[in-house]
Amino acid sequence: MSSLAISSVLQGGYQHPLSRSWQAKRTLTKGMLMYPIFITDDPNARVEIPSLPGQCRWGVNKLEEFIGPLVKKGLQSVILFGVPLNCAKDDKGTPADDPEGPVILAIKKLRALYPALYIATDVCLCEYTSHGHCGVLHDDGTINSTPSAARIAEVALSYAQAGAHCVAPSDMMDGRIKAIKRALIDAGLGNKCTLMSYSAKFASSLYGPFRDAAGSAPSFGDRKCYQLPPQAKGLARRAIQRDVVEGADIIMVKPALPYLDIIQDAAQLAPDHPLACYQVSGEYAMVVAGARAGVYDLRTMAFETCESFLRAGCTLILTYFTPQFLDWLDE
Ligand SMILES: [Zn+2]
């Protein structure tokens, strides 16, 4: 007779691969993956980004060769980031909604090529402002909130009018969710465009490769007065609750892996909303670098990170691993 108490024995419940899979509340599927892509203003560009292995800046004319094979493998959504290299930047980010700019051209092109592909667009000013900050500034260099939210809303509306299924403001200006939702409704797009808020976006060290990719480092100062301090759980909770009240349709936490507690908080604070997380450039680069250094197997670690996001409560994951997962999930 064993001396183990009945309540001590758990292994019987997960001794088989199938019974192990039943332990998950949610299983990773292709539909949960949104692929971040960088669109630049040279229409024929395909430029590798050294700090973001395997990712490129793409020109509009190259989108078919880039996205077509992924759609065939089951890609269902993308989020577009504009990387203008030849535009005249100014203090309000005027090129952000240039009808001939890379994002608007890419929205139209992808809608025409792949009618079933869900197209989200990041909305921010930093790639388009002369100072590289995400909003409109006072003379002393601090954020001027009201015109910032108004300008972000204008840009979001332009992307929605160009055909984006979803606009996703990453700027972290106060009041922008309300301003965007109002602008969408007033333009008759309230029921045609999803508003995904980067609600809890932290001032993280993990954005470095993205800044290389997007050329969006600020020309002075940093973003600590609008992105959240990494140690701020309470502020993150308030930001999530505010964005729910202001009309966000999807809540996002960014970055993901160091902020699993915030994802779990968001799942509890906004239980009736889809919950997204962004496995950001530095997280992706870290996972790839660890695998290259022989610390772990790439695929196993990529699954472990994304499954931790699901366990914490996510229903949508923005990740640069999307193309690989489209293969891995078929195996
Ligand atoms: Zn920005």
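The numbers here are math on the coordinates, done by the rules we state, and not lab data. As the structure is a computational prediction, the values presented were derived from the model and not from experiment. Positions of Cβ are generated from backbone atoms using ideal geometry, with glycine treated the same way; all protein chains shown enter the neighbour counts.
Here are some notes:
- Difference of contour (0.36 nm per residue) and Cα-Cα distance, residue 311 to residue 212: 32.5 nm
- In terms of distances greater than 21 angstrom between alpha carbons, the cross-link table entries 25/73; 178/201; 72/109; 30/201 yield 25/73; 30/201.
- For the stretch 27-328, the alpha-carbon coordinates run over 50, 45, 39 Å along the three principal axes, in decreasing order.
- Cut-off 13 Å between beta-carbons: net charge of the residues surrounding residue 266, Lys and Arg +1, Asp and Glu -1: +2
- If only the Cβ of Lys and Arg carry +1 and only the Cβ of Asp and Glu carry -1, the dipole of the chain around its Cα centre is close to 700 debye.
- Cleavage-rule hits, GluC sites (Glu not before Pro), the stretch 31-118, DSSP coil, Cβ neighbours within 10 Å at most 10: 100
- The slack between residue 205 and residue 225, meaning 0.36 nm per residue of separation minus the straight C-alpha distance, is 5.7 nm.
- Extension gain, residue 19-residue 48: 0.36 nm per intervening residue step, less the Cα-Cα distance, totals 6.3 nm.
- Placing pseudo-labels 7 Å out from each Cα toward the beta carbon at residue 286 and residue 26 gives an inter-label distance of 2.1 nm.
- Rounded to 10°, Cα long-axis angle of helix 102-113 versus longest principal axis of the chain: 60
- Local electrostatic count, residue 213, Cβ distance below 15 Å [Lys/Arg +1, Asp/Glu -1]: -4
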